[in-house]
Amino acid sequence: MGVDTVVDLDCEPKRALGIEAIVQLLKDRDRANMVLGHARAAGDNRPPEQITFRVVLQRPTGPEESDVSVADLMRRANALAPHVGHCRSCIANAGSKEGYGCVGYLSYPIRAETERWLWSRLPASLDTTAGRFLQRAIEDFGWDGAQAAAMRRGSDTFFESKTALVGSYPGGFTLTSDQVFHMLFHVGHLGDTHAFMVALFFGLVPHDIDPGILSDANRRAQVLAFANVPPMQGQLEEMAAFLRSCASAARFGVELLVDG
């Protein structure tokens, strides 16, 4: 369970397979590799056809459990292979050797460490370009964080921490990490302007950037070409990849599709 993201740049693989199918096939491939890896680490040398596990399928009549083999998932995921060549030359591939680098995934629950890391990337002062735009966006769009707060209260499925982070700024402005998650994951798909603001707020674009650049498409694209987050590990890398995807969507003038 988690958040699926796709930089919605048109391409041959998306036209041939469809976005939903690509996302599912990538999950099939990753799950097959994970299960096979665990089996081999435990000394299980059976062929993939004999290694099975149980999955829950969502049917119109309700959830249904079914056994599936690693080989079954591998065969499904083989549909990705004929189109990987297009990914290698794609500007949205993000350097992925396996292709489909425009597709991302953020797993639940969001760990406290991940939440703190994301929070640490926000502007320390409102007296910066990023700070001023952040305050204006929170107030103008009414991102109150109610959905994230409810998700915290319900169970530990979505957030490791039961308490949101809170920051206070001079002048009485306060911000919570629930509001941050509202802005990122609870507004539907992110348009390219919204994606640019995310890149700005979280430091992929310098917090103190000249405001004049924001209204100049060419200069904005030049800045976004260098927007990046260093490679991380585990779920931190999943969140870092999400931020990179925001910068990519902004750079290419497309939506970042968000589901989850």
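The values are calculated or read from the model by the stated rules, or taken from the named source; none is laboratory data. It should be emphasised that the depicted structure is a prediction, and the values quoted were computed from it without experimental measurement. Counting neighbours? That spans all protein chains shown, and the Cβs are built from the backbone with ideal geometry, glycine included.
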**OP:** List every residue pair whose Cβ atoms sit under 7 Å apart, with the two residues 6 or more apart in sequence or on different chains, where the first one lies in segment 153-174 and is aromatic (F, W, Y) and the second, anywhere, is in a loop (DSSP other than H, G, I, E, B).
**Re:** F158/Y108; F158/P109; F159/P109; Y169/L126; F173/L126
Subject >> Complete set of residues in segment 207-232 that are surrounded by 16 or more Cβ atoms within 10 Å (Cβ to Cβ) and either among the charged types (D, E, K, R) or part of a loop (DSSP other than H, G, I, E, B) (or both) >> reply: H207, I209, R220, A227, V229
Original post:
Of everything in segment 146-186 that's among the small types (G, A, S) and surrounded by 21 or more Cβ atoms within 10 Å (Cβ to Cβ), which residue is farthest from G212 (Cα to Cα)?
Top reply: A148
Subject >> Residue that is surrounded by the fewest Cβ atoms within 10 Å (Cβ to Cβ), among those in segment 70-122 that are in a loop (DSSP other than H, G, I, E, B) and of a type in the set (S, T, N, Q) >> reply: S89
Original post:
Which condition number does S66 fail, the rest of (1) in the same structural domain as P47 (by TED's automatic domain parsing); (2) crowded, with 17+ Cβ neighbours inside 10 Å being met?
Top reply: (2)
Subject >> Pairs with Cβ under 9 Å, 6+ apart, first in segment 111-126 and touching a residue at least 24 places away in the same chain (Cβ under 8 Å), second part of a loop (DSSP other than H, G, I, E, B) and aromatic (F, W, Y) >> reply: L118/F202; R121/F202; L122/F202; S125/Y169; L126/Y169; L126/F173
Original post:
Are any of the residues in segment 144-165 assigned to a strand (DSSP E or B) and at negative phi?
Top reply: yes
